[in-house]
Amino acid sequence: MNSNSYRRKTTTHRALGTVLRTTLAVLLVGSAVTLMSKPVYRATAKLLLDSGATQANDPAGSPMNAVISGGHSIPTQVQVITSEHVFGDACRDADVPPDAVTLAAHQIDNTDVVEIVTESSATPTYAERLAKALPNTYLNSITAKRKTGLMNAIQFSQYRLQEAKDQLKLTRKKRNDMLKSGVDPEEVEAIKDQIEEEHAAVDRLSNSAGELQLQAKLTLDPVSVISPARAAVRVSPNWGSNLLRSGLVGIVLGLFVVGAQGALRRGNSTR
């Protein structure tokens, strides 16, 4: 075996040893970091939300249509679900310390389905409790607001209906007075058309009030749990992925060290 072949083999063995030692060192560091990391537990649930409902027949486009609608857009409801108010109430209902859990929610594609995600590094029980309690907390919150809005809408529609009836009564009286005083028939005919329009408005408002009364008797269910929360699972640290990443980093770092050592040796040999 000549000296050049011997040097190549020695260099190869030395490089392999450097890569292996570097990889082993990074793996040990990665394992230590994984051992020291707090475990994170996650629980999930899926909710079907009501994004809107049929509006009442209000010919004037009254604000009560917005008040009694089935619900807000899904992105808006996601923001409400993750709001500090709902989060705090849900933690209280679940008997979970707010600083021991986190809450996130997102809309699934463009559907009315929202997935809620709770995580805790303290205990899996906290994540599970919050995921189970939050749907009811949110339902109670929006149901109370909708019932209040619905009652206000009913009062508003009844006021509008009475206002329309009073106007119709006045217009009919005016027509009768015109007939008694012998007014031009064309003017009487114009009043007749006005009466028909006002009568139609009364009918529409009456239907609107009836729909509101019926809706008030129905059970509002704007939130449905389609995938209830189950026992929380551990999502991190993940030994497999952490060791794989550590191994890859160790190999890359080892090759870099070998390259750096080779460059130094070549620099020294040229002096």
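The values are calculated or read from the model by the stated rules, or taken from the named source; none is laboratory data. Being a predicted model, the structure only gives us computed values, none of them experimental. Cβ sites come from the backbone with ideal geometry, for glycine too, and all protein chains shown count toward neighbours.
So which residues in segment 91-129 are closer than 15 Å to Lys46 by Cβ and hydrophobic (A, V, I, L, M, F, W, C)?
Leu103, Ala104, Ala105, Ile108, Val113, Val114, Ile116, Val117, listed by residue number.
Just give me the residues in segment 132-162 being at pLDDT below 85, in contact with a Leu (Cβ under 8 Å, 6 or more places away or on another chain) and farther than 27 Å from His199 by Cβ, in sequence order.
Across segment 132-162, the qualifying residues are Thr143, Arg146, Lys147, Leu150.
Go through segment 222-261 and count every residue that is in contact (Cβ under 8 Å) with a residue 40 or more places away in the chain, over 23 Å from Pro135 (Cβ atoms) and in a loop (DSSP other than H, G, I, E, B). Before you say what the answer is, go through the steps one by one.
Filtering segment 222-261 down to residues in contact (Cβ under 8 Å) with a residue 40 or more places away in the chain leaves 222-237, 239, 242-243, 245-247, 249-251, 253-255, 257-258, 261.
Filter once more, so that each one left must be over 23 Å from Pro135 (Cβ atoms): 234, 236-237, 239, 242-243, 245-247, 249-251, 253-255, 257-258, 261.
Narrowing the set further to residues that are in a loop (DSSP other than H, G, I, E, B) leaves 237.
Qualifying residue count, segment 222-261: 1.
Is it true that Val26 is in a helix (DSSP H, G or I) and either on the phi > 0 side of the Ramachandran plot or modelled with pLDDT under 90 (or both)? Spell out how you get there, then give the answer.
Values: in a helix (DSSP H, G or I): yes; either on the phi > 0 side of the Ramachandran plot or modelled with pLDDT under 90 (or both): yes.
Judged against the criteria, Val26 is a match.
Return the residue satisfying two criteria in turn: it lies in segment 242-261 and is modelled with pLDDT under 75 and within 37 Å of the chain's Cα centre (by Cα), and of such residues it is surrounded by the most Cβ atoms within 10 Å (Cβ to Cβ).
Per the criteria, the residue is Asn242.
Of everything in segment 99-139, what is buried (at least 23 other Cβ atoms within 10 Å of the Cβ), of a type in the set (S, T, N, Q) and part of a helix (DSSP H, G or I)? Give them in sequence order.
Answer for segment 99-139, where residues must be buried (at least 23 other Cβ atoms within 10 Å of the Cβ), of a type in the set (S, T, N, Q) and part of a helix (DSSP H, G or I): there is none.
Only one of Thr34, Thr44 is surrounded by 12 or more Cβ atoms within 10 Å (Cβ to Cβ) and at pLDDT below 75. Can you tell me which?
Of Thr34, Thr44, the one residue that is surrounded by 12 or more Cβ atoms within 10 Å (Cβ to Cβ) and at pLDDT below 75 is Thr34.
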